[in-house]
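Structure, as structure tokens:
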Amino acid sequence: MSTVRVALTQQKWTGDKESMIEKHVGLTRQAAEQGAQIICFQELFYGPYFGVVQDRKYYDYAESVPGPTTERFQALAKELGMVIVLPIYEEENTGVLYNTAAVIDADGSYLGKYRKNHIPHVDRFWEKFYFRPGNLGWPIFETKVGKVGVTICYDRHFPEGWRMLGLAGAEIVFNPNASKPGLSNRLWELEQPAAAGANGYFVCVPNRVGAEIGEFGEDNAVNFYGTSYIVDPKGNFVGEKGSQTEEELLIRDIDLEEIRSTRYDWQFYRDRRPDAYGAIVAP
């Protein structure tokens with residue numbers, strides 16, 4: 001399979017977990033009707049982005065992975081024949097919590113999960129209150145549509161993770177986000193295209209959109225800027241970016257043959273010098 005139709009969700013918080021899940025079930029069905037073969041939801045898709053506050057009540061959004069939500073989307077993936085990347089708040093054990101994405105293949109099988117490796121703790125991104133750092137490395141998932149890797153939001157600021165996925169053979173890397181205006185605006189435009197170009201694979205970036213005022217009030221709520229997008233192995237946008245203010249289901253076609261042609265043009269994997277990079281991993 002060379003051409004893959006990819007779908008990304010960019011949605012506002014409805015106010016409760018079940019309606020968010022139902023909303024994304026509907027979006028997945030819409031994507032399937034339009035021929036999508038793989039879909040990725042935004043970061044922590046079934047809840048609010050609770051990192052804007054530090055409140056233990058949000059621990060209750062965590063569940064096991066695999067668990068009830070994973071199993072629900074496994075059944076949907078099997079019904080629709082679609083690969084699903086499912087960002088979930090995971091409870092491994094009582095009080096042991098991770099920011100996680102489960103990967104489900106088109107036959108409904110659970111392939112595994114990625115746990116967010118880099119955890120921020122800055123103004124209204126108080127994530128160390130909610131998550132342990134990931135401990136599963138940088139897995140690659142062999143799906144029906146190709147080799148899929150995952151990073152989550154803040155991970156995108158660290159080029160080492162992108163390269164780890166490339167070295168492991170990733171063809172499509174998903175980076176589900178909850179990104180807001182402020183420090184990250186310019187980096188949002190630069191980092192994912194740069195990662196795609198430096199590593200010669202596709203990068204797909206769904207983001208939240210809108211302000212969750214009903215959940216956190218005017219003082220605490222942040223206004224997520226959407227603009228979800230996909231970039232090709234040369235760092236070019238595939239189609240237009242998503243809206244900055246409105247919900248969208250983005251669907252784009254990508255051609256995996258571009259990976260081979262790009263890497264023949266730019267021999268970064270041949271010319272890299274791991275023997276010269278020791279200081280990168282020095283404590």
Of the cross-linked pairs 144/180; 113/180; 147/180; 128/234, which ones have a Cα-Cα span greater than 27 Å in the structure shown?
144/180; 147/180; 128/234
Quick query: amide H of residue 108 versus all other amide H atoms, modeled in the peptide plane; which residues come in under 5 Å with a sequence gap of 5 or more or a different chain?
78
Which whole-angstrom value gives the distance between the alpha carbon centres of the stretch 224-283 and the stretch 64-92?
25 Å
Using 7 Å Cα-to-Cβ label points, what is the residue 157/residue 14 separation (nm, one decimal)?
3.2 nm
Listed residues 70, 89, 41: farthest to the positive end of the dipole of the stretch 28-97 (Cβ charges):
41
Straight-line reach from residue 17: which lysines have Cα under 18 Å away, leaving out those fewer than 8 places along the same chain?
57
Tally the DSSP beta bridges in the chain and give the antiparallel ones as a percent, rounded to 5.
70 percent
Going Cα to Cα from residue 23, which lysines come in below 21 Å? Please leave out same-chain ones fewer than 8 positions away.
12, 78
Give me the tail of P(r) for the chain as a percent: Cα-Cα pairs with distance above 27 Å.
35 percent
Sequence of 232, 253 once ranked by neighbouring C-beta atoms within 10 Å, starting from the fewest:
253, 232
Work out from phi, with θ = phi - 60° and the Karplus expression 6.51 cos²θ - 1.76 cosθ + 1.60, the ³J(HN,Hα) of each residue of the stretch 198-211, listed in order in whole Hz, and give x for Gly and Pro.
6, 10, x, 9, 7, 10, 10, 10, x, 10, 5, 9, x, 9
Extension gain (nm, one decimal) between residue 213 and residue 126, 0.36 nm per residue minus Cα-Cα
29.6 nm
So which aspartates and glutamates pass the test for residue 116, namely a Cα distance under 15 Å, with those fewer than 8 places away in the same chain ruled out?
43, 90, 91, 92, 127, 155, 160
Starting at the first residue of the stretch 165-171, write each ³J(HN,Hα) from the Karplus equation 6.51 cos²θ - 1.76 cosθ + 1.60 with θ = phi - 60°, in whole Hz, x for Gly and Pro.
5, x, 5, 7, x, 4, 10
Rounded to the nearest 0.05, FRET efficiency between residue 54 and residue 96 (Cβ-Cβ, R0 22 Å) equals 0.80
For the chain, modelled as a Gaussian network with Cα springs under 10 Å, which listed residue fluctuates most, 15, 182, 51?
182
Extension reserve of the residue 253-residue 269 stretch, reckoned as 0.36 nm per residue once the Cα distance is removed
3.2 nm
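Say R0 is 41 Å: what FRET efficiency, to the nearest 0.05, do residue 279 and residue 25 get from their beta-carbon distance? Please list the in-between numbers first.
On the way: r = 48 Å, r/R0 = 1.16.
According to the calculation, E is roughly 0.30.
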If you plug each phi of the stretch 212-228 into the Karplus form 6.51 cos²θ - 1.76 cosθ + 1.60 with θ = phi - 60°, what whole-Hz ³J(HN,Hα) values come out, in order, with x for Gly and Pro?
8, 5, x, 8, 10, x, 4, 6, 9, 4, 10, 9, 5, 9, x, 6, 4
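Each reported figure results from applying straightforward, stated rules to the coordinates on display, with no laboratory input. Because the structure is predicted, anything quoted here is derived from the model rather than measured. Every residue, glycine among them, receives a Cβ derived from its backbone with ideal geometry; neighbour counts consider all protein chains shown.
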